[in-house]
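The structure appears below as structure tokens.
The values are calculated or read from the model by the stated rules, or taken from the named source; none is laboratory data. Quick caveat: nothing in here was measured; it's all calculated off a predicted structure. Positions of Cβ are backbone-derived with ideal geometry, glycine not excepted, and every protein chain shown enters the neighbour counts.
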Number of protein chains: 4
Amino acid sequence: MSGVKVSDSMPVPETMKAWVIGDPDELIQVEKPVPMPSRAEILVRIDAVAICATDLEIIHYGTPALIEGGPPFNKNFTPGHEYMGTVAALGEGVDEFEIGDRVTVEIHAGCGQCKRCRQGMYTSCHNYGLNYGDVNKGHRANGFTTDGGFTEYAVNHINTVIKVPDTMSDEEATLVVTAGTSMYGLTELGGLVAGESVVVTGPGPIGLLAVAVAKSLGASPVILTGTRDSRLKIGLALGADHVINVKDTNVVDAVKELAGELGVDYVVECAGSEVAINDAIHMTNRGGKICLAAFPHDPAKIDLPHVVKNNMYLYGIRGEGRSATHRAMAFMADKQFDASLIHTHTFALDDLPEALRYARERVDDAIKVVVKARDAQQKLKAV
Amino acid sequence: MSGVKVSDSMPVPETMKAWVIGDPDELIQVEKPVPMPSRAEILVRIDAVAICATDLEIIHYGTPALIEGGPPFNKNFTPGHEYMGTVAALGEGVDEFEIGDRVTVEIHAGCGQCKRCRQGMYTSCHNYGLNYGDVNKGHRANGFTTDGGFTEYAVNHINTVIKVPDTMSDEEATLVVTAGTSMYGLTELGGLVAGESVVVTGPGPIGLLAVAVAKSLGASPVILTGTRDSRLKIGLALGADHVINVKDTNVVDAVKELAGELGVDYVVECAGSEVAINDAIHMTNRGGKICLAAFPHDPAKIDLPHVVKNNMYLYGIRGEGRSATHRAMAFMADKQFDASLIHTHTFALDDLPEALRYARERVDDAIKVVVKARDAQQKLKAV
Amino acid sequence: MSGVKVSDSMPVPETMKAWVIGDPDELIQVEKPVPMPSRAEILVRIDAVAICATDLEIIHYGTPALIEGGPPFNKNFTPGHEYMGTVAALGEGVDEFEIGDRVTVEIHAGCGQCKRCRQGMYTSCHNYGLNYGDVNKGHRANGFTTDGGFTEYAVNHINTVIKVPDTMSDEEATLVVTAGTSMYGLTELGGLVAGESVVVTGPGPIGLLAVAVAKSLGASPVILTGTRDSRLKIGLALGADHVINVKDTNVVDAVKELAGELGVDYVVECAGSEVAINDAIHMTNRGGKICLAAFPHDPAKIDLPHVVKNNMYLYGIRGEGRSATHRAMAFMADKQFDASLIHTHTFALDDLPEALRYARERVDDAIKVVVKARDAQQKLKAV
Amino acid sequence: MSGVKVSDSMPVPETMKAWVIGDPDELIQVEKPVPMPSRAEILVRIDAVAICATDLEIIHYGTPALIEGGPPFNKNFTPGHEYMGTVAALGEGVDEFEIGDRVTVEIHAGCGQCKRCRQGMYTSCHNYGLNYGDVNKGHRANGFTTDGGFTEYAVNHINTVIKVPDTMSDEEATLVVTAGTSMYGLTELGGLVAGESVVVTGPGPIGLLAVAVAKSLGASPVILTGTRDSRLKIGLALGADHVINVKDTNVVDAVKELAGELGVDYVVECAGSEVAINDAIHMTNRGGKICLAAFPHDPAKIDLPHVVKNNMYLYGIRGEGRSATHRAMAFMADKQFDASLIHTHTFALDDLPEALRYARERVDDAIKVVVKARDAQQKLKAV
């Protein structure tokens, strides 16, 4: 391909092993040609990829583009978006990276042309999904609308690539985009949370790293709520000042006891249930802000009267916008928190179906399950 | 009272006629002492006061402080918050105004001490309602937590007072705070709406003036939706580029036909029903913003999945913050729009109960009903 | 060229007449191939182009890229950036425009990859000028770093193209980018200037349209200062509430007399002299903001102690960023102001050198001189 | 005084020792009545007070109000603004604090009424200095316009008071307002500096703590420049990634070597010299931002052409606005950095003149000199 640079030090094979979607919930391993980067793109040799709940949804429902009116099911698509690796080839005009650089990726490369991209809101690109065929606007979302990371090589627009410091393991580097999503949520809430009270509801990966990011930004107190003590314990290790098990208590009262009777300034809602969202609303003080980083599958009965009467703002966030991944990486490179606390299991790429099962069924209390293309062994539970 | 300045040119009587709350839905006219302004306050002789839907709620349910846990019903409280008049006395230290100045008022004077007031968010004051007795933090909300305008004189903190130009009628001046509420909503949406598409849902007073304010700020197109053609017609007169009667059509489709298949950038939701809020969500494009300026009485089933998946932000706004009333006045003083198009009826202060009935029952298609303390006659329907 | 769409209704010739730079201050008319648009670009048939002071600088000094370390002088470069015209061909993937659309252009298409572009600050692209040869990052600045508008056809990235309404003349459409620059300045000052006091210093094209834009946004009062009464008179026609001839008076005192002894909230400084900048600083109130839209050729002695002691912010702005051109167009399309008041002369493209002389020497009180590729006649002075 | 609460546990004497200004550069110790707090104020028993360069200026030139046209010299005024202590009495309506609370103070309590205070910009209060006599608007600036901390007791508006955690020493607590000033500067630059490159120029107290605050916020790299290696060494201890001694090198080149040829994203300029400001401008990249936290005594020759051509913004900041002191305290309470590294000497209150000499003449390499009202001994040089 014109203008692509490769290096003898890192030969690129012609074909690779890749997992692709078959029928719903079916993943098949195939041999595919290694793709080549175009202008402003690079080829990444994938060294590790973490499994996100969204991957499970895509394998079950198809990609977002499909869900909203595309063809019945997108066969031969490779999912997976939380990957890291080594730069193996440079597309035309790329001098920001060198072959051999260790890199991790974020998901979204906006079209660069629409109103949102021109505003810097590339994760809300108005040409979302338009990257195939007649209507290629250049938008890419790794593992959502363009082939992702459950394979050996993937093409990435340079806007989605971040260098990984030597002091960071492959496994930890796969978690940067998760921390970046948490950072994006806190960014949209205003970002200046030092000394402000923050509740994080729901100790999944985004919630747990939201605790870590909020503490890194100086929030105080940071309160984590959830139903499983094992997860809350990890929250404490990531910096939470307090944890509340919602099974044992009235969580709104408990938060107000810790943070004052008016409630807290910010909530990062990562549980996604109707109850959790209403609790979030009722524990937030007048003029406070709530980030909706999760959501229920169906419309939910929400106490909007309370929202409006108390001048609250709700931010539905999707993905890792506003260069938040770079800010998350800055704290992680500086060892402000240890994101690898949420990494529980590692599998070989060939064992992806089993890795997915661990993630889906939370086998052995799995949080983040990482798949490694080479030299990986099943990792014992770490926490 | 110490330091109060009065003028012979405008003698202040010792007592005045005032409407006060009795039992729920009961208003009684009494004779009360004229209150005197303290430091940083002025006394306003009320010349005109408009009726807001919230006044009707307060007469029925009591003030917000009461609703949220105060005594059973606040007898002897004077409601009414959309008033204007003439400065009749100056409290200590006031040189921003002179006796005889025509002024209109906004509602909220924050405590100036809490976290929100220090941020400039005085309408979300954390000492809301704390202006009586042992816990006086200095917060005031005219007609909500401190005596309001259905009387002859009222004390106002100078933060709530705006001068009225000679070219503006008393009646129009009562509408500045309504326009200020619309402006506040558009401010919180970012304020830079020139050339952006805006839908306003619900052609009540705030909705109709939101059309006018959005057009003044350069929004294009501005689309007004509602159920009554008479109201939509006023929306056109206030600058709407298009109106849609939601009874006749699928409003989401109709908006997309006018503004493009992706939907609009902003919605100012002023209808407050579950259906209207979900329609607002579905007509907004990815990364768009919705101002909730109205709300249902009860929790509502909301399509939050759509909100989060499309990175939308919802702003529940209450009142007229961020000095928005001053910005609204700037456009009104400049005759950018004629707010008096929504003024339909005028009554004398003595006829307040009848005026309230017109407002409550929308008698004769009433929109804004104004009560004048002096020389008013019942006004025929204007529109 | 692959994927380019043309139409029989608007045949594109193979060559065109173009003015190109020779030696410094030398312009030569040559015959050049008509360029063809690539992906996300269009070809514009130029119908009118206005002359900007920067064009004169480029013809004299070379392009910005050159000034900062490029080759000695850029021969064969076509300057001119304030142009409008008709879409004549569509590059690959373009469906935002159709052949035959009337359009006007802004200057900057960022690379879309650097830190600033990702923030939405494409006019401050960190790959500025890198659009030729080995280091093509995709940045384009019409008439600055890529061929401009003193010719018959020009290629534009679609990010720089705005549709022109039928009700707007070709000449007025060339002024949109100037109004967009004024709008950008006011945007960076915060944008919410309704009811705020604004001084514009220097009644050149950007200053005069800054008056118009500030009034459209509701600023009040808007005060224009300058040395020539003829220009100040145009400022009044564009909406200035007051004008001050700085030759006759102490301008700082005069501003404070009009706007209050503390001074004004905002200054848009368009004069660029040391005296004017210091006057701007001294007429601004505590916490106020100054946009530096012009600048002296050399470092200037500035009263920074006053700036810091009064917590003032200075915004050096360059070009028309943050989609400001779209907001300016919204007000112009709505006939909020008549930008054509600053258009004074029209010449044929063949007479460009004479047109440049009019602009450079302000012959016949020229403000904006427009050159038309076809059917233009010398326009008599309009004002 | 009406409504003041005192406690037997902490009796308040009738008089106190206080240092007051005599003639320029003359400080006299007198016995004064202990002042009593009004509404929303508290009385602080001063336990420690740090010396700021501005104190030296006030003792030499008088207070800011004087410099700008007040009476010849303000005798009997008590300077000193970086103090902490123990709450000794509560004014009317205060329940935010209790007698016995350890607290530190920031400087500015805005009037709460002017345009800037309503925007949350209380440090730019338009009624600055209007707190005496006929024009009392309620503005207070401890040690600038109202009596300060070189004494035993001082009245403070509650807006200026922050609780001190038990784990923080008195001496460190006096440094919170300095860190708050650094935080304010970084706040005005946007606040989201994680992973961004920041240069701090000038290793005085504000500069050194700007290094610490920038690192806490995740900035990377943070580069400190200055002329004295001893200070730069402290900068390294406070987290600087690199230091540059400007005596040895071309600082602009050195910064670009460390941070990339385009220069850095942000500069916090704390040196205040013409050379340093121009260096700051030349080391900042296109679209970058510079905080001017220091300033020369006289107007300076500044490369504004470079500022404007590169779309840079300059923020002249004064004091510790936007609740930045609370954010600084959050990081200090969390032991993110050890501000006491800049505390070098301690004196008894009776020895204030000698303490001032140490600060003025930088005796023994003094940085922050702290004065303690009780049980203090001269502290040996700590660093």
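Observations on the model:
- Of everything in segment D:10-29 that is touching a residue at least 24 places away in the same chain (Cβ under 8 Å) and assigned to a strand (DSSP E or B), the residue that is farthest from D:Lys372 (Cα to Cα) is D:Ile21.
- Scanning segment C:169-197 for residues that are more than 14 Å from chain B (Cβ to nearest Cβ) and under 16 Å from C:Ile46 (Cα atoms) returns C:Ser169, C:Asp170, C:Glu171, C:Glu172, C:Ala173, C:Thr174, C:Leu175, C:Val177.
- Counted residues, segment C:325-357 - those being at the interface with another protein chain (Cβ under 9 Å from one of its Cβ atoms) and closer than 22 Å to B:Asp334 by Cβ: 8
- Scanning segment B:207-229 for residues that are within 14 Å of B:His242 (Cβ to Cβ) and among the aliphatic types (A, V, I, L, M) gives B:Val211, B:Ala214, B:Ala219, B:Val222, B:Ile223, B:Leu224.
- Filter result (crowded, with 23+ Cβ neighbours inside 10 Å, closer than 21 Å to C:Gln113 by Cα and among the hydrophobic types (A, V, I, L, M, F, W, C)) within segment A:146-157: A:Ala154
Matching residues to (1) surrounded by 22 or more Cβ atoms within 10 Å (Cβ to Cβ); (2) more than 8 Å from every other protein chain (Cβ to nearest Cβ); (3) modelled with pLDDT under 95; (4) closer than 13 Å to B:Gly148 by Cα:
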{"site": "B:Thr63", "(1), (2), (3), (4)": "yes, yes, yes, yes"}
{"site": "B:Glu82", "(1), (2), (3), (4)": "yes, yes, no, yes"}
{"site": "B:Gly85", "(1), (2), (3), (4)": "yes, yes, no, yes"}
{"site": "B:Gly93", "(1), (2), (3), (4)": "no, no, yes, no"}
{"site": "B:Ile107", "(1), (2), (3), (4)": "yes, yes, no, yes"}
{"site": "B:Gly120", "(1), (2), (3), (4)": "no, no, no, no"}
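- Of the numbered criteria (1) in contact with a His (Cβ under 8 Å, 6 or more places away or on another chain); (2) surrounded by fewer than 22 Cβ atoms within 10 Å (Cβ to Cβ), the one D:Gly321 fails is (2).
- Qualifying residue in segment B:154-161 (condition: at pLDDT below 95, farther than 18 Å from B:Leu238 by Cα and of a type in the set (S, T, N, Q)): no
- Within segment B:244-300, being among the acidic types (Asp, Glu) and touching a Lys or Arg at 6+ places or on another chain (Cβ under 8 Å) holds for B:Asp265, B:Glu274.
- The residue that is farthest from the other protein chains (Cβ to nearest Cβ), counting only those in segment A:204-214 that are more than 18 Å from D:Ala328 (Cβ to Cβ) and more than 14 Å from the chain's Cα centre (by Cα), is A:Val211.
- Whichever residue in segment C:184-225 is on the phi > 0 side of the Ramachandran plot and touching a helix residue (DSSP H, G or I) at 6+ places or on another chain (Cβ under 7 Å) and, among such residues, is surrounded by the most Cβ atoms within 10 Å (Cβ to Cβ): C:Gly218
- Filtered residue count, segment C:324-345, keeping only those that are part of a helix (DSSP H, G or I) and in contact (Cβ under 8 Å) with a residue 60 or more places away in the chain: 13
- Index of the failed condition, A:Asp265 passing every other in (1) surrounded by fewer than 22 Cβ atoms within 10 Å (Cβ to Cβ); (2) of a type in the set (D, E, K, R); (3) within 14 Å of chain D (Cβ to nearest Cβ): (1)
- Check on C:Thr167, under 24 Å from C:Glu96 (Cα atoms), touching a strand residue (DSSP E or B) at 6+ places or on another chain (Cβ under 8 Å), among the β-branched types (Val, Ile, Thr) and in contact (Cβ under 8 Å) with a residue 60 or more places away in the chain: no
- Enumeration of residues in segment D:188-202 that are of a type in the set (A, V, I, L, M, F, W, C), within 20 Å of the chain's Cα centre (by Cα) and either closer than 14 Å to D:Tyr313 by Cβ or in a loop (DSSP other than H, G, I, E, B) (or both): D:Leu189
- Residue in segment A:127-145 that is surrounded by fewer than 24 Cβ atoms within 10 Å (Cβ to Cβ), among the β-branched types (Val, Ile, Thr) and under 20 Å from A:His326 (Cβ atoms) present: no
- Checked against the criteria, B:Asp265 does not count as farther than 20 Å from B:Val193 by Cβ, in contact with a strand residue (DSSP E or B) (Cβ under 7 Å, 6 or more places away or on another chain) and among the charged types (D, E, K, R).
- Taken together, A:Asp55, A:Asp47 contain a single residue that is crowded, with 18+ Cβ neighbours inside 10 Å, within 30 Å of B:Lys309 (Cβ to Cβ) and at pLDDT 95 or above, which is A:Asp55.
- Screening segment A:215-323 for strands (runs of 3 or more DSSP E) wholly inside it with 1 or more residues that are under 26 Å from D:Asp334 (Cα atoms) and at pLDDT below 95 returns no ranges.
- Residues of segment D:283-295 that are out of contact with any helix residue (DSSP H, G or I) (no Cβ under 6 Å at 6 or more places or on another chain) and facing chain C (nearest Cβ under 7 Å): D:Asn285 alone.
- Of everything in segment B:358-372 that is basic (Lys, Arg) and outside any strand (DSSP E or B), the residue that is farthest from the other protein chains (Cβ to nearest Cβ) is B:Arg362.
- When residues of segment B:268-279 are limited to those that are farther than 10 Å from B:Gly202 by Cβ and surrounded by 21 or more Cβ atoms within 10 Å (Cβ to Cβ), the one nearest to the other protein chains (Cβ to nearest Cβ): B:Ile277
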